[in-house]
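Peer 1: Below you'll find the structure I mean.
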Amino acid sequence: MKVLFLIQGFSVAASRYRVLQYVPYLESKGVEATVRLYPRTFKENIQFFNSLSRYDLLFLQRKRFNQPRLGLLRRRAKKIVYDFDDAVMYRNSKAKESVSPTRRRRFIQMIKNSDFVIAGNEFLKKEVFPFNPNVEVIPTAIDEESYSLKTYLPQQERVILGWIGDHGSIHYLEKMKPIFEKIGKRYPQTILKIVCDTFFDCDHMKVIKKNWNSEEEVADLQEFDIGLMPLVDDPWSWGKCGLKIIQYQGVGVPVVCTPVGVNRDLVEDHVNGLYARTPEEWERTLSLLIESPALREKMGQEGRKRVLKNYTFQSCAPRLYSILAQVAEGGGNQPHAF
């Protein structure tokens with residue numbers, strides 16, 4: 001089975017966790033995997049469309065082709081699997097209006113022209129189902145062999161609040177600056193660590209600014225004492241697949257999060273983390289964890305148990321291979337039930 005994977009970028013989190021980490025496993029199962037970035041120039045597009053006949057299956061990650069390129073894609077590709085882990089049919093949280101007729105139209109066209117769709121969570125699956133019943137959820141997952149448990153220190157001089165993510169999401173964190181200022185005044189030993197490529201400063205809390213790199217990603221996460229996942233309650237946030245929380249929990253870090261979307265599935269309030277909706281709740285929950293190393297350890301270990309049960313590469317890889325194999329073996333270009 002020859003599969004062409006089109007990804008957004010080799011350092012993009014979604015590409016790394018939803019495609020690249022699976023390639024060695026798929027190759028061990030006999031898949032001839034080719035991974036490329038989406039074509040951009042006219043020449044690259046010509047080469048891409050001319051190459052499609054060589055592959056049994058085309059795997060598209062997140063981006064949608066518009067017409068007339070979508071029609072040509074459907075005619076040239078033997079089979080198409082579309083994978084997405086964001087609410088691409090809506091505008092992001094910074095937009096005044098979440099509904100976009102253009103985005104929705106392009107999304108529906110892409111879904112209808114796919115033989116199978118892999119969604120990152122149940123909300124995204126529900127968005128697909130009216131237009132293509134051939135859809136399953138594969139969550140964003142981590143490799144349990146790479147994500148080892150952090151070391152808990154009963155007595156430590158500092159407590160690190162941690163956030164890891166893309167610059168496109170840091171606005172969620174930056175809105176919490178007033179909360180960090182209050183926490184910093186009350187608990188001078190508290191530090192905010194941001195792993196990203198965009199940063200901000202606080203007046204009353206020290207900020208560690210760490211540029212992300214793949215070699216140090218897990219070590220950075222293990223330095224966190226409390227993982228942060230603030231969101232707003234809107235359709236874009238409902239489509240998020242919680243990679244931050246999965247990463248925090250993978251190394252045993254307790255989480256404070258806004259209880260919207262998949263956050264509610266990943267975090268059970270007062271079991272493996274805490275919910276916070278208002279500034280007052282954020283101050284209260286962070287204070288509770290800052291003051292109790294034992295509670296941080298207990299919640300962190302509970303979170304790791306949940307991730308190892310449901311959100312690992314080891315459990316998701318066979319499911320991905322099974323879907324690709326069944327799609328590739330199906331006849332014709334029309335979707336079929338699984």
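The values are calculated or read from the model by the stated rules, or taken from the named source; none is laboratory data. In this text, all values refer to a predicted model and were calculated from it rather than measured experimentally. Neighbour counts run over all protein chains shown; Cβ positions are idealised from the backbone, glycine included.
Peer 1: So residue 33 fits all but one of (1) under 17 Å from residue 323 (Cα atoms); (2) over 24 Å from the mean Cα position of the chain (by Cα); what number is the exception?
Peer 2: Looking at each condition in turn, residue 33 falls short on (2).
Peer 1: Against the conditions (1) of a type in the set (Asp, Glu); (2) assigned to a helix (DSSP H, G or I); (3) in contact with a strand residue (DSSP E or B) (Cβ under 8 Å, 6 or more places away or on another chain), where does residue 44 fall short? Just the number, please.
Peer 2: Tallying (1) of a type in the set (Asp, Glu); (2) assigned to a helix (DSSP H, G or I); (3) in contact with a strand residue (DSSP E or B) (Cβ under 8 Å, 6 or more places away or on another chain), residue 44 fails exactly one: (3).
Peer 1: Shifting gears a bit: Out of the helices (runs of 4 or more DSSP H) lying entirely within the range 171-239, which hold 2 or more residues that are at pLDDT below 95?
Peer 2: 235-238
Peer 1: Among the residues of the range 124-144, how many are buried (at least 19 other Cβ atoms within 10 Å of the Cβ) and assigned to a helix (DSSP H, G or I)?
Peer 2: Counting residues in the range 124-144 that are buried (at least 19 other Cβ atoms within 10 Å of the Cβ) and assigned to a helix (DSSP H, G or I) gives 3.
Peer 1: Another question, if that's okay. For the range 245-263, which positions are assigned to a helix (DSSP H, G or I) and buried (at least 24 other Cβ atoms within 10 Å of the Cβ)?
Peer 2: 245, 246, 247, 248, 249, 250
Peer 1: So which residues in the range 57-79 are free of Cβ contacts under 8 Å to residues at least 60 places away in the same chain and in a strand (DSSP E or B)?
Peer 2: Correct list: 58, 60, 61.
Peer 1: Could I ask something else about it? Checking the condition closer than 28 Å to residue 146 by Cβ, out of contact with any helix residue (DSSP H, G or I) (no Cβ under 6 Å at 6 or more places or on another chain) and aromatic (Phe, Trp, Tyr), which residue from 17, 55 passes?
Peer 2: 17
Peer 1: List, please: which pairs have Cβ atoms under 7 Å, are six or more places apart or on different chains, and start with a residue in the range 163-191 that is aromatic (Phe, Trp, Tyr) and end with one that is part of a helix (DSSP H, G or I) and crowded, with 17+ Cβ neighbours inside 10 Å?
Peer 2: Pairs found: 163/173; 187/290.
Peer 1: Still on this structure: Condition test on residue 108, is it of a type in the set (A, V, I, L, M), surrounded by 16 or more Cβ atoms within 10 Å (Cβ to Cβ) and in a helix (DSSP H, G or I)?
Peer 2: Yes, satisfied.
Peer 1: Next question. Out of 88, 23, report the one residue that is β-branched (Val, Ile, Thr) and either in a loop (DSSP other than H, G, I, E, B) or in contact (Cβ under 8 Å) with a residue 24 or more places away in the chain (or both).
Peer 2: Result of the check over 88, 23: 88.
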